Amino acid sequence: MNVLLLGSGGREHALAWKLAQSPAMTQFYALPGNPGIAEHAEVVEGVPLSAHQTLVAWCRENAIDLVVVGPEAPLVAGLVDRLAEAGIPAFGPTAAAARLEGSKLFTKELCRENGIPTAAFARFTTPESAWAYVHAEGAPIVVKADGLMAGKGVVVALTVEEAIAAIDQVFAAGGQEVLIEEFMEGEEASLFCLVDGETVLPFGSAQDHKRAFDGDLGPNTGGMGAYSPAPVLTPELEARAIREIVVPTAKAMVALGAPFRGVLYAGLMLTASGPKLIEYNCRFGDPECQVLMPRLESDLLPLLDAAAHGKLAEASVSWSPKSALTVVYASRGYPGAHQTGSEISGLEDAARTEGVLVFLAGTKRSGAKLVSNGGRVLNVTGTGADLKAARDRAYEAAEKIQWPEGFYRNDIGWRALK
Ligand code: AMP
Ligand code: GLY
């Protein structure tokens with residue numbers, strides 16, 4: 001098969017590493033790619049990811065059999081719709097199905113209509129009505145803006161005053177509507193499922209660390225580390241989440257005429273009354289993908305192809321019993337302002353550590369050097385018989401990397417290892 005992989009993060013390097021091992025692969029291209037992805041796929045130059053018609057034409061000219069979309073933005077923007085119109089199969093949902101990630105309101109209403117467990121919620125189009133609700137409900141309470149906000153549209157308010165300030169912020173930023181949710185208590189876990197309309201194939205679990213600094217302190221980020229499997233998501237809880245949350249969602253999307261095809265990533269809160277949905281993403285997690293791929297024993301390409309073609313019912317998947325843990329190396333200052341262009345060395349040494357894989361994210365080549373080129377820059381994934389072994393290997397390798405302008409958290413996995 002001729003495959004085009006879209007994206008440039010650590011998630012896509014992990015996908016590229018795994019896809020390149022497929023015996024079914026013929027020509028493997030990536031766009032925009034990064035130096036890690038370039039070790040596995042031919043990077044396509046001169047086609048911007050946002051130029052959908054140019055991209056479709058390029059796929060036609062190069063006889064692409066499957067486009068694998070890594071990030072959410074092109075999905076929400078309808079790239080898969082444009083590819084489908086041209087008869088090009090893609091792994092990833094249409095814009096209508098990507099509303100599961102793109103619109104929190106859409107997902108909350110879908111949950112309400114289908115009895116899918118999630119936090120109770122109310123929506124308001126004026127700040128006054130939202131304030132009154134918060135005063136009546138009290139804190140803690142959760143305030144959310146609609147739309148893709150890169151994780152920044154959510155405030156877990158511990159006091160009524162904080163909630164009021166968050167509501168004002170949504171409207172001040174031009175928001176038309178605010179979503180107020182019941183505060184759910186419990187441990188969070190991420191569940192991944194390949195979905196092709198009605199068929200749901202469980203595809204691993206993980207937990208990530210959203211805060212920038214040790215002890216889960218500091219600002220929210222895209223994720224500073226992750227591990228898989230998530231020990232809190234027992235087989236019983238996973239089966240329940242699939243039965244009560246993911247399967248009814250897939251059915252509801254089919255009934256709406258917007259079947260979901262791709263990977264559905266459910267952010268779950270494991271509450272005293274069972275798993276509840278926090279939110280959906282319509283793509284693999286980053287850095288969760290960097291711990292799923294090293295555990296996947298099956299060939300990835302036929303699975304993604306089956307999801308794209310509605311053939312998942314015939315598919316099965318096998319996982320290594322090993323654990324994996326990844327540590328994100330980020331630029332100092334991330335998620336705020338940070339410098340780029342600083343040299344990184346010691347990667348070969350790190351990658352030679354037993355059971356370790358290094359996935360590159362925001363990096364680029366500058367002559368013979370590898371330099372930073374983004375916020376999250378490297379992922380050091382360790383694998384081992386258990387989580388502790390995986391963690392020890394990841395940190396052993398991370399210490400071999402010389403990059404004074406970078407930082408990483410020292411406590412990835414603490415919750416599962418405590
Ligand atoms: P979201 O972008 O919806 O995933 O929210 C970001 C984070 O806010 C989640 O990972 C949770 O830690 C937290 N959060 C969101 N909604 C709730 C809720 N209803 N109750 C408690 N925590 C929440
Ligand atoms: N690591 C969180 C995400 O990919 O959304």
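The values are calculated or read from the model by the stated rules, or taken from the named source; none is laboratory data. No experiment lies behind these values; they were computed from the predicted model shown. Every residue, glycine as well, gets a Cβ built from its backbone with ideal geometry; the counts of neighbours run over all protein chains shown. All accessible areas refer to the heavy atoms of the entire protein, side chains included, with ligands and DNA or RNA removed. Shrake-Rupley method; radii C 1.70, N 1.55, O 1.52, S 1.80 Å.
For the structure I just gave you, tell me whether Ala330 is buried (at least 19 other Cβ atoms within 10 Å of the Cβ) and more than 22 Å from Val358 (Cβ to Cβ).
no
Looking at the stretch 364-385, can you tell me whether even one residue there is modelled with pLDDT of 95 or more, more than 25 Å from Gly33 (Cα to Cα) and either among the aromatic types (Phe, Trp, Tyr) or surrounded by fewer than 21 Cβ atoms within 10 Å (Cβ to Cβ) (or both)?
The answer is yes; a qualifying residue exists.
Taking the criterion of being charged (D, E, K, R), open to solvent by 20 Å² or more (accessible area, probe 1.4 Å) and within 16 Å of ligand 2 (Cβ to nearest atom), would at least one residue in the stretch 240-247 satisfy it?
No, because not a single residue in the stretch 240-247 is charged (D, E, K, R), open to solvent by 20 Å² or more (accessible area, probe 1.4 Å) and within 16 Å of ligand 2 (Cβ to nearest atom).
When you go through (1) β-branched (Val, Ile, Thr); (2) away from ligand 1 (no atom under 14 Å from the Cβ); (3) under 24 Å from the mean Cα position of the chain (by Cα) one by one for Val155, which number turns out not to apply?
Val155 satisfies every listed condition except (2).
Just to be sure I understand, how many residues within the stretch 189-205 are open to solvent by 10 Å² or more (accessible area, probe 1.4 Å) and aliphatic (A, V, I, L, M)?
Adding up the residues that qualify gives 2.
Kindly provide the set of residues from the stretch 386-406 that are open to solvent by 70 Å² or more (accessible area, probe 1.4 Å), over 24 Å from the mean Cα position of the chain (by Cα) and over 14 Å from Leu347 (Cα atoms), ordered by number.
Glu405
Among the residues of the stretch 11-38, write down those that are part of a loop (DSSP other than H, G, I, E, B) and in contact (Cβ under 8 Å) with a residue 24 or more places away in the chain.
Of everything in the stretch 11-38, those that are part of a loop (DSSP other than H, G, I, E, B) and in contact (Cβ under 8 Å) with a residue 24 or more places away in the chain turn out to be Gln21, Ser22, Pro23, Ala24, Met25, Thr26, Gln27, Gly33, Asn34, Pro35, Gly36.
Determine whether Ala230 is crowded, with 23+ Cβ neighbours inside 10 Å and without any contact (Cβ under 8 Å) to a residue 60 or more places away in the chain.
So Ala230 fails the test.
Return the residues of the stretch 261-320 that are surrounded by fewer than 24 Cβ atoms within 10 Å (Cβ to Cβ), part of a loop (DSSP other than H, G, I, E, B) and away from ligand 1 (no atom under 15 Å from the Cβ); say none if nothing qualifies.
Residues satisfying the conditions are Glu297, Ser298, Asp299, His309, Gly310, Lys311, Ala315, Ser316, Val317, Ser318, Ser320.
List every residue pair whose Cβ atoms lie under 7 Å apart, where the two residues are 6 or more positions apart in sequence or sit on different chains, the first residue falls within the stretch 354-365 and is basic (Lys, Arg), and the second residue, located anywhere, is assigned to a loop (DSSP other than H, G, I, E, B) and open to solvent by less than 40 Å² (accessible area, probe 1.4 Å).
Taking only residues 6 or more apart or on different chains, the pairs are Lys364/Pro35; Arg365/Pro35.
Restricted to the stretch 323-347, and to residues that are under 21 Å from the mean Cα position of the chain (by Cα) and part of a loop (DSSP other than H, G, I, E, B), which residue is farthest from Gly204 (Cα to Cα)?
Ranking the candidates gives Gly336 first.
Being open to solvent by 30 Å² or more (accessible area, probe 1.4 Å) and touching a residue at least 60 places away in the same chain (Cβ under 8 Å) is the filter here, so list the residues in the stretch 157-188 that pass it.
Hits for the stretch 157-188 are Glu177, Glu182, Phe183, Glu185, Gly186, Glu187, Glu188.
Quick test for you: out of Leu75, Leu148, Leu100, pick the one residue that is under 30 Å from Val3 (Cα atoms), modelled with pLDDT of 95 or more, within 14 Å of ligand 1 (Cβ to nearest atom) and within 20 Å of the chain's Cα centre (by Cα).
Within the list Leu75, Leu148, Leu100, the selection yields Leu100.
Being surrounded by fewer than 19 Cβ atoms within 10 Å (Cβ to Cβ), assigned to a helix (DSSP H, G or I) and in contact with a strand residue (DSSP E or B) (Cβ under 8 Å, 6 or more places away or on another chain) is true for just one of Ala84, Ala122. Which residue is that?
Unique residue meeting the criteria: Ala84.
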